[in-house]
Amino acid sequence: MTRNGQSGERSEPPRVLKRGADHVHLAPLPDHPGNLDDPARPVAPLAIDYSGASLRPWHHHRRGQLLYADEGVMQVGTAAGTWVVAPEQAVWVPPGVEHQVGHRAGVALRTLYIDPQVARELPGDCCVLAVPALLRQLILRAMQVGLDYAPGSAGARLMAVILDELRRLEPEPMHLPHPRDPRLKKITEALLAEPADGRALADWAKDSGASERTLARLFVKECGMTFGAWRERLRLTQAVARLAEGEAVTSVAYDLGYQSPSAFIAMFKRTLGDTPGRYLRKTQSSE
């Protein structure tokens, strides 16, 4: 499926593996570009096209990783949370952070692995970054250069410009934090399965073994936001993924529990600064 493709049937989001008995981990591969030990090549590009749905096991790299999908929508998970990445966005994963990558349909993955010394100048936590038109073209050109560049060469100058552009980017509000408290996990996992569930926190408290006040305090402590803000962030991340895959605003709005498309559009604009239509046109304007 391409960025402008239409889907005839709804696909389910990839399952995010939980730490525990079903936690599958991949050991770092020494010859993988993500583990390259060569400061003279600060950027190691890698292009992979995936067809269909996929969820790869937990793994980490020596280098930092910028995951950019030239086509398709990705979901990146860490122990701290989940990031849903629409076209013309990327996820930054700092060096050594264990993560997994999934997608519901085909993805054209274009990755930049950044040397740990250079990565210190980039965000210290995972985040979603908007990829403007210039940086997109630089990333695609880097895929053609690959690792075949020497200090002072045209390829090295290209990688230096990419790093300059990355340093200028500001994170976008697309992080969905994962709580650790088992009472909160019960609530958030239920909402992940059914984002349209509109029950108030007082209703969730009846089945959680904790008071509404305790749950409210724990949400702010563990997630950095209120229960209502967490649920809205969940719906936003789900909406961005589904809209980018071609679903209509009206169906997405009602499926996610909004009383009307206008209420959904108001939330979207308040959070991301644009209506869904303008937001997607902006992210796809470099095609």
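Testing Arg56 on (1) modelled with pLDDT under 90; (2) of a type in the set (Lys, Arg); (3) surrounded by 20 or more Cβ atoms within 10 Å (Cβ to Cβ), one condition comes back false. Which one is that?
Here Arg56 clears every test but (3).
Kindly provide the set of residues from segment 91-112 that are over 23 Å from Leu176 (Cβ atoms) and surrounded by 24 or more Cβ atoms within 10 Å (Cβ to Cβ), ordered by number.
Within segment 91-112, just Leu112 meets the criteria.
Take the conditions in contact (Cβ under 8 Å) with a residue 60 or more places away in the chain and closer than 30 Å to Ile139 by Cβ and apply them to Glu165. Does it pass?
No: the conditions fail for Glu165.
Do we have any residue at all in segment 39-61 that's out of contact with any Leu (no Cβ under 9 Å at 6 or more places or on another chain), outside the structural domain of Leu191 (by TED's automatic domain parsing), within 24 Å of Ala154 (Cβ to Cβ) and outside any strand (DSSP E or B)?
yes
As an exercise: evaluate Gln259 against (1) closer than 28 Å to Leu122 by Cα; (2) exposed (fewer than 13 other Cβ atoms within 10 Å of the Cβ); (3) at pLDDT 90 or above and give the number of the one condition it does not meet.
Status for Gln259: all satisfied but (1).
Could you go through segment 217-233 and let me know if any residue there is surrounded by 13 or more Cβ atoms within 10 Å (Cβ to Cβ) and in contact with a Pro (Cβ under 6 Å, 6 or more places away or on another chain).
Checked segment 217-233: at least one residue is surrounded by 13 or more Cβ atoms within 10 Å (Cβ to Cβ) and in contact with a Pro (Cβ under 6 Å, 6 or more places away or on another chain).
So, Ala80, is that one out of contact with any Cys (no Cβ under 8 Å at 6 or more places or on another chain) and surrounded by fewer than 24 Cβ atoms within 10 Å (Cβ to Cβ) or not?
no
Could you tell me how many of the residues in segment 234-254 are modelled with pLDDT of 90 or more, crowded, with 17+ Cβ neighbours inside 10 Å and not hydrophobic (A, V, I, L, M, F, W, C)?
Residues meeting the conditions: 1.
Quick check on segment 122-141. Is at least one of its residues part of a helix (DSSP H, G or I) and without any contact (Cβ under 8 Å) to a residue 12 or more places away in the chain?
Checked against the condition, which is being part of a helix (DSSP H, G or I) and without any contact (Cβ under 8 Å) to a residue 12 or more places away in the chain, segment 122-141 yields no hits at all.
The values are calculated or read from the model by the stated rules, or taken from the named source; none is laboratory data. Because the structure is a prediction, the values reported are computed rather than measured. Ideal geometry is used to build each Cβ from the backbone, glycine not excepted, and the neighbour counts take in all protein chains shown.
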